[in-house]
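The values are calculated or read from the model by the stated rules, or taken from the named source; none is laboratory data. Not measured: the values here are computed from a predicted model. With ideal geometry, Cβ positions are generated from the backbone for all residues, glycine too; neighbour counts draw on all protein chains shown.
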């Protein structure tokens, strides 16, 4: 007979064994990947500006008939509109100059729609004439593009606001606009409108609107009466696909589950799952629709790996061909009647590559092979893929048992145990690092400079389901979320990745905040920090955003404060806010004893520059070794000036080199030195050592 | 008398009609290219100066042509009282001035009113009268200059200076001009006598001539002081133009950059956070809070203290504020057709005060504008051509400017600085509620620089009160730093007393030469004027030494008058009156006594000559 302690031991073991097995699997997978990376040849060091090249091609889009590809080409500071025949032949320039940022085809393929921040422009591409601006976007009415109207040959759906006045409250409306700019009011509502779906006759069959803190989908009957169909409350995510099939709409939603998936609404109001990540890991990332009837054909997921699945046999067959041709890649697909447009993304692939796929013959053709733009605006070259690091998925278990995901980058051909390790923390925090993401290039840059780079998707990150995102429970101080990052780093060190004496932390926005937390509360782990646009007090910054125009940009539809409350961050809860403040780097500036580099933007509308300056002032007063660069024209996402990005790379490399021992940065050229001289506000010991000082006040 | 008038009219007919035609041509040309009714103050000042100058020249010429002894004798040798002769000459001159100065303005106003959609308010119909009053004032002053001894006759011009500097507006300004005109008429009548050099004898005539003379002497003293200041500047040690301004003074503070100014203020702060703020100021871009209004527009004012119109390029409409309707009146920029009137909200209500258009607020569409009207800020929505109230300050305050500060708005009134959340500007169109209010720690007129930085927990605001520290109207210069806490609480964290850059005698140079005339000057400048909130100051207490200096000068003046009156042919009451006046008014009165009354012997000889002339006249 078993004793009670033995029973308990067995029970514990029974529970612990699967977890241990998972840990062992994760470790084994990591070791295998590390070994592969180590076996690769050592990469040469590439110049700094090679990581800063930008694509010259953007807005690539396939016509519904699949016979033409439209795109924007930027050259010498001018953006032009081009049309490429899918069957071969030379591209044709349609517009010599445009400020458009996005392109769409009309449903009949006879018009190209050019979206710029202020207007929507229709370009006739079938020789019919009549090109011109058809609608204003933005502005007082906050005109916003919703979709190409799939029920009409050539029309778009816009969402507009009728601002509140003293006499009447705010109202919202859906407006159909044809290519001559004629407007048809489809629906006007006292609630904020979000999304719509049409039936085949062109009638607005479903609409989604904000009701309190919920997104509610209503069926619109033939008399225009609305009947609630689906209520997405408590931050459930829902969005409609443009067309209903047999009167039944498709939804992207996490209703009834944890992961966002493709659902279909039945006539009785029940929701049926059409497709969900077969790996049971990631939210639905993208859906590819049939250009003819709007039926979803392909579903893509981007968790720890990028994968696409055909939703019918034909799509599955074609995807099989593409997967064989582009193994491990993230594929961005657009379907046309004759061709498919294939956008190829990879973690070691700088920029996106474009191909045309003929589904009848299975042939692929590379298109749009224009060279990227260098820092100086001149044609440059993509970095060679063979010399780039690869994004290795990693998973670790937090102290509370939650399984977390992230990615590791290793310099090819190097012993990972001897490498300095950099935790590169993403912003948000409601955001995430996706699989097969080359990204801005900072990770690859650091890898090329000899660092192992760890990108944790801490709890609160998006892309891994609702529970993963909400698991943060508002604990964004020196609490659970920060521990996820710290434990991830320690786990990697425990697996023989990185030198524990040479660990740094780098991040932007929330990542910058995490960096400040790291050098303040975990200085024994993080020896140096580089924080870009960091809020030094998360609670204060949230309150500040709530008063600014940025609030609705973040929460999108639901009022910002309600949205935060649903994310367990109640701005009106003095206890919760007090706790966050008490755990903030701002309140513990005296504890910050690591070399720190701060970046701030004068036009940052999300992280108040006053917070960064106040924090830097506090550190200076305390005699801390801090460096501060302020770009007066930069926003939250940095500056459009190439030299500003180069400055970030240079200074980051300098700080990490001096404290973690990576490769020394190439000294700055005259333009960069000039920029640094004008933008530096505080030069600590590291910048001082290389002769960088702020320009004294005249 | 009629013949004299007719002859004088005929005499100046050519000149007057020529001036009328030239004036009309100029106005007609300008009316084609600009809206003459909505011109900035400078344009009206230029026109007014020309009218005055033309009047002065006419007066000088007309009376100068009669002033030669034989002509003068001939003129007065008529069976008419001198005042009737004067009235005849003046009547003709004033009539021609009405034709040359006022009639073209009247025709221009009629053209704008009848043939265009431009705004012509009641106030604009007063402009012809104003033009005539100015020209007539100049004319009478010019005439007076010719009817007296050289030493004192130019004193009449001082009344023109008073008109130019008076701060009344609208019909009150016309009343001031009319009063000056009346005084000049009286001066001219009492001066229009056979012996042009004879001093006044009647008490009223004495006052009429002596007071402007004393003011002119006072003005000369001020001009001499000004000249001395110019020499001081040329010499290079004037605080305004030394390379290094006096340490700790108002000038030094004014010359500082906003950042230096804040740091200087923080240097004397004993607040616990001051060291931290110093670091933050050193890192921050200090924002300067500016004014969009530099003068408060007054309803019915003849001129425009601030622009009254703005263009909506998107709609192709120019909106002009109409004082009569208290609404905006529009007309098409191309074609000039009327485009209706625009008031506040759907009810098209009247604005509470004349509006001034400034730029749109951050986040508002490009064509939108903000309108300041009294204590209100309105949003002109170009899309719908509607005007919506957005900010309402407490009644009685004047909204003076709006400055974006980071994500928020700083709104300055004559009494306080307000902060509004930037989000609310964009999200809706309702009235905004201020998050913080900081009373200005001083008077609006003294405020020279208002600088601030954003803190994590509010704002640090520096206010420097140095505007009039160089003169007696201003406050003793100082700088105050306030911490506007996020919860709305305002704490003064530093007050830095600044040093006067100028000695007391310099600052009070307008006062000590004659406290009485200084008071008269101030009274004349403010006569019928609505106090300008932007000029309100908290004057520093007057030093005792200055009072003693003024008293000493008055005593010297009194003693000198005692000595002087004994050497002038004056009656005992006149002597007593002059002695008392010199004691009360000071040196200008003494100078006027000396200028008005020649020494006894000379006066006696002149009296004899004059009586001989008078006895010969009937022959």
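When you go through A:523, A:585 one by one, which is the residue that is surrounded by 24 or more Cβ atoms within 10 Å (Cβ to Cβ) and at pLDDT 95 or above? Of the residues listed, the single one that is surrounded by 24 or more Cβ atoms within 10 Å (Cβ to Cβ) and at pLDDT 95 or above is A:585.
Residues in the range B:357-368 that are surrounded by fewer than 16 Cβ atoms within 10 Å (Cβ to Cβ) and more than 12 Å from chain A (Cβ to nearest Cβ): B:359 alone.
Listed here are the residues, each with its yes/no results for (1) closer than 21 Å to residue B:140 by Cβ; (2) in contact with a helix residue (DSSP H, G or I) (Cβ under 7 Å, 6 or more places away or on another chain).
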{"residue": "B:191", "(1), (2)": "yes, yes"}
{"residue": "B:202", "(1), (2)": "yes, no"}
{"residue": "B:243", "(1), (2)": "no, no"}
{"residue": "B:249", "(1), (2)": "no, no"}
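The numbered conditions (1) away from chain B (no Cβ under 14 Å); (2) touching a residue at least 40 places away in the same chain (Cβ under 8 Å) are all true for residue A:131 except (2). Inspect all residues belonging to the range B:387-395 and state whether any of them is within 14 Å of chain A (Cβ to nearest Cβ), modelled with pLDDT under 95 and not in a strand (DSSP E or B). Scanning the range B:387-395, I find no residue that is within 14 Å of chain A (Cβ to nearest Cβ), modelled with pLDDT under 95 and not in a strand (DSSP E or B), so the answer is no. For the range B:406-413, the count of residues that are more than 12 Å from chain A (Cβ to nearest Cβ), under 25 Å from the mean Cα position of the chain (by Cα), over 21 Å from residue B:281 (Cβ atoms) and modelled with pLDDT of 95 or more is nonzero.
Looking at residue B:513, is it surrounded by fewer than 20 Cβ atoms within 10 Å (Cβ to Cβ) and either within 21 Å of residue B:246 (Cβ to Cβ) or touching a residue at least 60 places away in the same chain (Cβ under 8 Å) (or both)? No, not satisfied.
Summed over the range B:432-448, the residues that are within 14 Å of chain A (Cβ to nearest Cβ) and touching a strand residue (DSSP E or B) at 6+ places or on another chain (Cβ under 6 Å) give a count of 4. For the range A:608-649, the candidate set comprises residues that are under 30 Å from residue A:374 (Cβ atoms) and part of a loop (DSSP other than H, G, I, E, B); within that set, the residue that is farthest from the other protein chains (Cβ to nearest Cβ) is A:640.
Are any of the residues in the range B:346-356 within 14 Å of another protein chain (Cβ to nearest Cβ) and closer than 18 Å to residue B:425 by Cβ? Checked against the condition, which is being within 14 Å of another protein chain (Cβ to nearest Cβ) and closer than 18 Å to residue B:425 by Cβ, the range B:346-356 yields no hits at all. The residues of the range A:394-406 that are surrounded by fewer than 20 Cβ atoms within 10 Å (Cβ to Cβ) and in a strand (DSSP E or B), listed by number, are A:397, A:403. Within the range B:267-292, being touching a strand residue (DSSP E or B) at 6+ places or on another chain (Cβ under 7 Å) and more than 12 Å from chain A (Cβ to nearest Cβ) holds for B:268, B:269, B:271, B:288, B:289, B:290, B:291, B:292.
Among the residues of the range B:449-468, those that are in a loop (DSSP other than H, G, I, E, B) and either touching a strand residue (DSSP E or B) at 6+ places or on another chain (Cβ under 8 Å) or at pLDDT 95 or above (or both) comprise B:457, B:466, B:467, B:468. Which members of the range A:534-548 meet the condition of being in a loop (DSSP other than H, G, I, E, B) and at the interface with another protein chain (Cβ under 9 Å from one of its Cβ atoms)? Scanning the range A:534-548 gives A:536, A:537, A:547, A:548. Of the set (1) modelled with pLDDT under 95; (2) within 14 Å of another protein chain (Cβ to nearest Cβ); (3) within 21 Å of residue B:465 (Cα to Cα), all apply to residue B:296 but (2). Checking every residue in the range B:30-37 against the condition of being closer than 26 Å to residue B:164 by Cβ, surrounded by fewer than 15 Cβ atoms within 10 Å (Cβ to Cβ) and at pLDDT below 95 gives at least one match.
Scan the range B:452-479 for residues that are within 14 Å of another protein chain (Cβ to nearest Cβ), in contact with a helix residue (DSSP H, G or I) (Cβ under 7 Å, 6 or more places away or on another chain) and touching a residue at least 40 places away in the same chain (Cβ under 8 Å) and the total you get is 4. Here the condition is being more than 14 Å from chain A (Cβ to nearest Cβ), over 32 Å from the mean Cα position of the chain (by Cα) and not in a loop (DSSP other than H, G, I, E, B); of B:336, B:401, B:340, it holds for B:340 alone. For the structure I just gave you, tell me whether residue A:11 is at pLDDT below 95 and farther than 26 Å from residue A:443 by Cβ. Yes; evaluated as a whole, the condition is true for this residue. When we screen A:519, A:497, A:506 for residues that are over 25 Å from residue A:626 (Cβ atoms), more than 14 Å from every other protein chain (Cβ to nearest Cβ) and in contact with a strand residue (DSSP E or B) (Cβ under 6 Å, 6 or more places away or on another chain), the only hit is A:497.
Here residue A:564 fulfils each of the conditions (1) buried (at least 21 other Cβ atoms within 10 Å of the Cβ); (2) more than 14 Å from chain B (Cβ to nearest Cβ); (3) not in a helix (DSSP H, G or I) apart from (3).
Criterion applied to A:585, A:668 was being in a loop (DSSP other than H, G, I, E, B) and either more than 30 Å from residue B:423 (Cα to Cα) or away from chain B (no Cβ under 14 Å) (or both), and the one residue passing it is A:668. Scanning the range B:488-498 for residues that are under 32 Å from the mean Cα position of the chain (by Cα) and modelled with pLDDT under 95 yields nothing.
Per the listing A:531, A:551, the residue uniquely within 11 Å of chain B (Cβ to nearest Cβ) and either modelled with pLDDT of 95 or more or in contact with a helix residue (DSSP H, G or I) (Cβ under 9 Å, 6 or more places away or on another chain) (or both) is A:551. Criterion applied to B:16, B:21 was being in contact with a helix residue (DSSP H, G or I) (Cβ under 9 Å, 6 or more places away or on another chain) and either buried (at least 17 other Cβ atoms within 10 Å of the Cβ) or at positive phi (or both), and the one residue passing it is B:16.
Just to be sure, is residue B:255 out of contact with any helix residue (DSSP H, G or I) (no Cβ under 8 Å at 6 or more places or on another chain) and within 14 Å of chain A (Cβ to nearest Cβ)? When the stated conditions are applied, residue B:255 passes them.
For the residues A:209, A:171, A:159, A:200, the requirement of being surrounded by 15 or more Cβ atoms within 10 Å (Cβ to Cβ), in contact with a strand residue (DSSP E or B) (Cβ under 8 Å, 6 or more places away or on another chain) and within 14 Å of chain B (Cβ to nearest Cβ) singles out A:171.
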